[in-house]
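Below is one structure, written out as structure tokens; comments come after it.
The values are calculated or read from the model by the stated rules, or taken from the named source; none is laboratory data. Only a predicted model underlies this, so the values are computations on that prediction, with no experimental measurement involved. Cβ placement follows ideal geometry from the backbone for every residue including glycine, while neighbour counts extend to all protein chains displayed.
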Amino acid sequence: MADYTEIKGNRIQYLDSDPTLTSANEGQVWYNTATGTLKGLVQLQAWSSGAPLSSPRHDAGGAGIQTAGLMFGGRNPGPLSATEEYNGSGWSTGGNINLARQQIFSFGSQTAAVGASGYRDSGGPGFRQETEEYDGTSWTEVNNCPIASFAGAGFGVLTAGVACGGRVPSPTNSTAEYDGTTWTAANNMTASLQQLAGVGTQTAGATFGGHNGTAIVDTVQEYDGTSWSDVTNLPAARSLAGTSGIQTAAIIFGGNSPSVVNTTLDYDGTTVSSNPATMATARNSLSYPSGAPASTNTAAFAAGGYTTASTGVTEEYNSSINVITAGAWSAGGNLPGAKRDGGVGSVGTQDAGLAFGGEPLTGDTFEYNGTSWSPGGSMNTAGRSGGSFGPQTAAGTAGRNASVGSTPSTNYEEYNGTSWSEQNDLPTGKRDLAGAGTQTAAVVMGGATTVLVGTAEDWNGTSWTAGGSLSTDRRNNSGGGTQTAAITSGGVLSYGGPYPPGSNATEEYNGTSWTTGGNLNTGRGISGSSGTQTAFMQSGGDTTFIPSVVVTSAEHYDGTVWVTAPSMGTARAGFKGTGGTQTAGYVAGGYAPDTAATEEFTGETSAATASTLTTS
């Protein structure tokens, strides 16, 4: 029998520590003498959590790849028109399809997608033939698809796509090809199927499973651009699954088999085998498809679907040497008592935070070390809802009021890590404002006097001067960044009611004037914030105010576009002690109901990890 040396041409290395791991180490085996273990670097296959869709849905259309994905249409429970785009981190809002519908033939890329036919279960007629194309911004209706069907499979690109199968209303074996302008009837599939999943190109496609009208099936068919052939069978019948990859290297995940499953299968063009990766959330009715010809069987995403209801859950599949730890919120140390304040305390970092003032009305200050809160020096004037900024040992807070409905204050105080000191006042009393910057170069913006305002004031370490005014008057907005690169987003667009939904507007400051940035996917006010103008996070808050509706959702901003981010564990607004960076933020306190809880956010990480090899 050949030994390792004969096979590999060299002996196993004996090392006193693991080597620095890179892709160059893949497949290598070594013995770690310090730990007494045989180790190696091998491909790891796993699903990890991603940021959720803004609009939960199932039976949606899909296109693109893991770092440039697309979801459109679907239902929850009725037909939807919303489009969302994925950048590998989170979802942002795209242009709506013209006709809301579900279970659409879909294929292509994020900037060149096709959605055809489908079903509309309200506003009839139900069976549709409309075809729409997406250019990355908007949808345009083009020539109708010849198959008035839904729940079929689509694969290919905008200029060379395939639509096959579906329900009309019984399962069909019809196939049609699209050249970017015209649909042409093609040869029929070997069986009439609905709820099947498709992958590949117009000349090298494959479909998996489905339902023949009587039962779920295990059929695997391939298309060569002319005709269909049966190739093999799935290990078990499966329908309503997701796919990614090409005809000779694909994965199939989720679906019904016969109940909802979270398992993954591999396909190499000949054989289907089990993949060790399982999704955290078992679901069916995934997008049609959730991959595209440019996608692979090593990097995919699964978004939306149906469990016992529509879901917005997104998960990413990766087969690589890296262990990916998804971004997530985790519990931190509680404040000494429940506290809410609508904005005072938006300062510090995750391991050096600060919380002060708020309701119940107090001037108490607490410092956070990343684990627990301890008392600091008390404010000179108790208050709530000021505009705050700076690190734990050099913070400032301007404006405030003593209670809901009380007169806004001009007060400005600074904290040195031990005590607060009074500084020159704001020129006009304000409450519910946001802040950004440092003790020597800050800006506060928005808020309310006796009316809603969009004014901004700059601080130079000694005095306040008028800054550029916001385009949109607002209060209870979030803020971050520096005096010459500040950001404000969200907020309340009313003073004294009636109250519209939370604002989704974003504005950016260059030290002189404000310009419009990208809109939040979810308008919100009285919410948390952290980071800079080009790497910002907004979390939680009220989406409506009378009555108050608080959320767990969070979003990330890159200076241009907002995308969804992992959600907090507890829905809340009116945070005290929100600060840090986009990848290491924290929230503390808040309301609905009043709470003392702290949560910390850690962004996604990826690192090569050696596996311990064992015998069995």
*Could you give every pair whose Cβ atoms fall below 8 Å, whose first residue belongs to the stretch 535-551 and is assigned to a strand (DSSP E or B), and whose second residue is charged (D, E, K, R) and surrounded by fewer than 18 Cβ atoms within 10 Å (Cβ to Cβ), counting only separations of at least 6 or pairs across chains?*
Ala535/Asp558
*Restricting the stretch 74-98 to residues that are of a type in the set (Gly, Ala, Ser) and more than 18 Å from the chain's Cα centre (by Cα), the residue that is surrounded by the fewest Cβ atoms within 10 Å (Cβ to Cβ)*: Gly78
*Tell me the strands (runs of 3 or more DSSP E) entirely within the stretch 554-603 that contain at least 1 residues that are basic (Lys, Arg).*
none
*If only one of Leu99, Leu70 is in a strand (DSSP E or B) and either among the aliphatic types (A, V, I, L, M) or closer than 22 Å to Thr181 by Cα (or both), which one is it?*
Leu70
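Within the stretch 417-424, is even one residue among the polar types (S, T, N, Q), out of contact with any strand residue (DSSP E or B) (no Cβ under 7 Å at 6 or more places or on another chain) and either assigned by TED's automatic domain parsing to the domain that holds Gly454 or part of a loop (DSSP other than H, G, I, E, B) (or both)?
yes
What number of residues within the stretch 454-493 are more than 29 Å from the chain's Cα centre (by Cα) and surrounded by 17 or more Cβ atoms within 10 Å (Cβ to Cβ)? Walk me through how you get there before you give the answer.
Of the residues in the stretch 454-493, the ones more than 29 Å from the chain's Cα centre (by Cα) are 454-469.
If we keep only those that are surrounded by 17 or more Cβ atoms within 10 Å (Cβ to Cβ) as well, we get 454-459, 464, 467-468.
So the count comes out to 9.
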*Would you pick out the residues in the stretch 304-335 that are modelled with pLDDT of 95 or more and either polar (S, T, N, Q) or touching an Asp or Glu at 6+ places or on another chain (Cβ under 8 Å) (or both)?*
Tyr306, Thr307, Thr308, Ser310, Thr311, Thr314, Trp329, Ser330, Ala331, Gly332, Asn334
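Can you tell me which residue in the stretch 361-376 is surrounded by the fewest Cβ atoms within 10 Å (Cβ to Cβ), limited to those that are of a type in the set (S, T, N, Q), touching a residue at least 24 places away in the same chain (Cβ under 8 Å) and in a loop (DSSP other than H, G, I, E, B)?
Step by step, filter the stretch 361-376, then rank; the result is Thr371.
Name the residues in the stretch 439-467 that are over 15 Å from Gly491 (Cβ atoms), part of a loop (DSSP other than H, G, I, E, B) and hydrophobic (A, V, I, L, M, F, W, C), would you?
Initial filter on the stretch 439-467 (over 15 Å from Gly491 (Cβ atoms)): 439-443, 449-450, 457-467.
From what's left, part of a loop (DSSP other than H, G, I, E, B): 439-440, 449-450, 460-463, 467.
Residues satisfying the conditions do not exist here.
When the residues of the stretch 102-127 are narrowed to those that are assigned to a loop (DSSP other than H, G, I, E, B) and under 27 Å from Ala68 (Cβ atoms), which ends up nearest to the chain's Cα centre (by Cα)? Full working, then the answer.
Step one: filter the stretch 102-127 for residues assigned to a loop (DSSP other than H, G, I, E, B), giving 103-104, 110-111, 117-118, 120-126.
Filter once more, so that each one left must be under 27 Å from Ala68 (Cβ atoms): 103-104, 110-111, 117-118.
Numbers: Gln103: 23, Ile104: 23, Gln110: 16, Thr111: 19, Ser117: 28, Gly118: 27 Å.
This residue is Gln110.
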*Please tell me if Glu177 is in a strand (DSSP E or B), free of Cβ contacts under 8 Å to residues at least 60 places away in the same chain and in contact with a Gly (Cβ under 8 Å, 6 or more places away or on another chain).*
yes
*Looking at the stretch 377-399, is at least one residue part of a strand (DSSP E or B), among the aliphatic types (A, V, I, L, M), at pLDDT 90 or above and in the same structural domain as Gly447 (by TED's automatic domain parsing)?*
yes
*Run Gly497 past the list (1) under 24 Å from Val451 (Cβ atoms); (2) surrounded by 19 or more Cβ atoms within 10 Å (Cβ to Cβ); (3) modelled with pLDDT under 95 and report the number of the one that doesn't hold.*
(2)
_For the stretch 538-593, give me the residue count where each residue is crowded, with 23+ Cβ neighbours inside 10 Å and out of contact with any strand residue (DSSP E or B) (no Cβ under 8 Å at 6 or more places or on another chain)._
0
